Amino acid sequence: MLPFDERDGWIWLDGRFTPWRDAKLHVLTHALHYGSGVFEGMRMYDGRIFALEAHTRRLVRSAQLLDFAIPWSEAELNEAAIETCLRNGLHNCYIRPIAWRGAEQLSVSALDTRVHVAIAAWPWPKYFDEDRLRRGIRLCWAKYRRPSADAAPTAAKATGLYVICTISKNVAEREGYDDALMLDSTGAIAEATGANIFFVRDGVLFTPPPSSFLDGITRQTIIALARARGIKVVESRIMPADLGAFTECFVVGTAAEVTPVGQIAEHAFQPGRLTFGLIEAYSALVRSRVSAAAEPAPAILAS
Ligand code: PMP
């Protein structure tokens, strides 16, 4: 794969379009040393960024949770994201906005740093291996647990919180799995390293409440889509010992979309009607121009 710093195109950096290869930072940037960065992952489908406003709102909120303010309005950030896609000639792509503390101060204290923002976009069709999508991906247990909400700003999409995700995903891939499933600090099932998780039993959807991890925009969308189809959705604590009772399982996220899970450690699942139905419904929703016409728009998109 072409390294990310050796590509061509334009990156929106602090309000200006900068040639891709010139969008560089100093090595003494605060965020590199202390994890003071927040980011988003969004996708454009056929020229429209799905849930753009919800993602931008979360970016601004994530920064607040890390005790810094983004020096651009949500409207300006929305426009910059769309412009970034257009400027790069992209209509179907992944979009990565990021905000971070700069190099003005390099200590735990960061009150004198400036906050920077960049937005990049690139083509990125699928998160998981195409042929795994039908059979279901394989997950192992992650080495680390998600910190509890009183131990970290768990509602923020913060760079530093991904340290345990990267370690866990690397170990999983090295051992031949596709991803790792993380528990929360109490031992209940939390989420995968970059996606939320759902289970199916007797036609009912179950998912853990997002009390110590990201309440994903895809997660909220899937809950709304399922309910609009008359599928009951239960948010409840799920323990590893409960897994045997579920027949289907899938993970959801902007990058993962809706991906069936075929295995979690020793437990096997059979991707079925409910999972495939939601894959189709999600795929139609993200591509629909007027979402409310085809679907009751999930609250997350309307607010
Ligand atoms: N959890 C984690 C750790 C993630 O990185 C992501 C992807 N942003 C999600 C959940 C899903 O969030 P969303 O549906 O908003 O992309």
Dipole in debye (nearest 20) - region 130-302, about Cα centre, beta carbon charges: Lys, Arg +1; Asp, Glu -1
220 debye
Determine the relative contact order of region 154-207: mean sequence separation of Cα pairs under 8 Å and six or more apart, normalised by residue count, in whole percent.
21 percent
Given contacts defined as C-alpha pairs under 8 Å and at least six residues apart, what's the relative contact order of the chain, whole-number percent?
17 percent
Can you count the Lys pairs in the chain whose Cα atoms are under 26 Å apart, with each pair 8 or more apart or on different chains?
7
Counting only DSSP beta bridges with both residues in the chain, tell me the antiparallel percent, nearest 5.
80 percent
hull vol. (C-alpha, convex hull) per residue for region 157-196, Å³ -> 72 Å³
Cα extents of region 55-177 along the principal axes, largest first, in whole Å, come to 47, 41, 23
Under a plain spin-label model, where a point goes 7 Å from the Cα along Cα-to-Cβ, how far apart in nm are HIS91 and ASP202?
4.8 nm
Over all Cα pairs of the chain, how is the pair count split among 20 Å bins, expressed in % and running from 0 up to the last occupied bin?
32, 59, 8
Using 7 Å Cα-to-Cβ label points, what is the LYS232/PHE276 separation (nm, one decimal)?
2.5 nm
Just PRO260, PRO19, PRO208 to compare: in a GNM of the chain, with alpha carbon springs under 10 Å, which one fluctuates most?
PRO19
Given region 202-246, report the % of alpha carbon pairs whose separation exceeds 12 Å.
65 percent
Estimated FRET transfer efficiency when R0 is 35 angstrom, pair VAL27-ASN170 (beta carbons, to 0.05)
0.90
Among GLY216, GLY15, GLY262, which one shows the highest mean-square fluctuation when the chain is modelled as a Gaussian network with alpha-carbon springs under 10 Å?
GLY15
Please compute, over every Cα-Cα pair in region 130-302, the percentage with a separation greater than 21 angstrom.
45 percent
Looking at the chain as a GNM with Cα springs under 10 Å, which of LEU25, LEU133, LEU106 has the largest mean-square fluctuation?
LEU25
Residue separation between LEU111 and SER185 times 0.36 nm, minus their alpha-carbon distance, gives in nm 23.5 nm
Long-range tail of P(r) for region 7-122 (Cα pairs > 17 Å, %):
53 percent
Ignoring GluC sites (Glu not before Pro) that are buried or in helix or strand per DSSP, and keeping those with at most 16 other beta carbon atoms within 10 Å, what is the longest stretch of the chain between them?
1-103
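Readers should treat all values here as calculations from the given coordinates under stated rules, not as data from a laboratory. Remember, predicted model here, so these are calculated numbers, not experimental data. As a convention, Cβ positions derive from the backbone with ideal geometry for all residues, glycine included, and neighbour counts pool all protein chains shown.
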